[in-house]
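The values are calculated or read from the model by the stated rules, or taken from the named source; none is laboratory data. Because the structure is predicted, anything quoted here is derived from the model rather than measured. Note that we place each Cβ from the backbone using ideal geometry, even for glycine, and neighbour counts take in every protein chain shown. The protein model used for the area step is the full one, side chains on, heavy atoms only, and it has no ligands, DNA or RNA in it. Shrake-Rupley method; radii C 1.70, N 1.55, O 1.52, S 1.80 Å.
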Amino acid sequence: MTETALPLRASQLTKRFGDFTAVDGLDLVLAAGTVTGFLGPNGAGKSTTLRMAVGLISPTSGEVTLYGQPAALPSARKQLGYLPADPAFVARLSGVENLDMLAALHGQHGAVDRDEVASVLGLTRSEMIRPVRSLSSGMKQKLGLVAALQHRPDLIILDEPANRLDPLVHRSFCELLRSQAADGRTILLSSHVLGEVEDVCDRIALIKAGRLIR
């Protein structure tokens, strides 16, 4: 596989906050069409790594590329779907209005999979037209997943996607991830739910104290 074809490559990725090293010389490669679980204890550097991977923060040294382009470039993130650990929306707007704003960034295909993903997650139209400030934490998590997947991205990065999902919805979500991977999409997910990892992941990357240990 050529460098430009790789959905994600992290090379000696390092992030320091003052004297604290959150991520330390991490190397990671994702092959197209694979699902990789990103595991480690709290404070291991998982979320920091993912935020660098989607261009939200800059590495202290090293680099991360998406399809051969630096992650900081908007063009590199065109086919990226991302769920942060705590998804945030414009609280006074409805879920649909928030999703429409995000979909507009991806042009005419920005909401191509919205209805399908919302249906799988059990997020109803009546819930989606309510102001986000009135939604429960579980509904906001579902809305975040719809936002990450509605534009049919080729690369999907999810930070603790099982947070606040009830068991039945979580089962449907795992089936959705397997379907996404079967369609050739590449997925990287941080998780503490071992059953989720066993169900959907092809590979596991273990991180501890900012270092990839296996």
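Here are some notes:
- Where VAL117 falls short, out of the listed (1) over 17 Å from the mean Cα position of the chain (by Cα); (2) surrounded by 19 or more Cβ atoms within 10 Å (Cβ to Cβ): (1)
- Residue check for THR4: over 17 Å from ILE213 (Cβ atoms) and modelled with pLDDT under 95: yes
- Some residue of region 69-92 being under 24 Å from SER172 (Cα atoms), at pLDDT 95 or above, within 17 Å of the chain's Cα centre (by Cα) and open to solvent by less than 10 Å² (accessible area, probe 1.4 Å): yes
- Region 193-214, subset free of Cβ contacts under 8 Å to residues at least 24 places away in the same chain and out of contact with any strand residue (DSSP E or B) (no Cβ under 6 Å at 6 or more places or on another chain), residue least open to solvent (accessible area, probe 1.4 Å): GLY195
- Residues that are more than 24 Å from HIS170 (Cα to Cα) and out of contact with any helix residue (DSSP H, G or I) (no Cβ under 8 Å at 6 or more places or on another chain), drawn from region 99-123: ASP100, MET101, ALA104, LEU105, HIS106, GLY107, GLN108, HIS109
- Residue in region 153-192 that is farthest from LEU28 (Cα to Cα), counting only those that are among the aliphatic types (A, V, I, L, M) and loosely packed, with under 14 Cβ neighbours inside 10 Å: LEU168
- Search result, residues across region 1-45 that are over 20 Å from VAL197 (Cα atoms), in a strand (DSSP E or B) and either in contact with a helix residue (DSSP H, G or I) (Cβ under 6 Å, 6 or more places away or on another chain) or among the aliphatic types (A, V, I, L, M) (or both): ALA10, LEU13, LYS15, ALA22, VAL23, LEU26
- Qualifying residue in region 10-18 (condition: hydrophobic (A, V, I, L, M, F, W, C) and open to solvent by 30 Å² or more (accessible area, probe 1.4 Å)): yes
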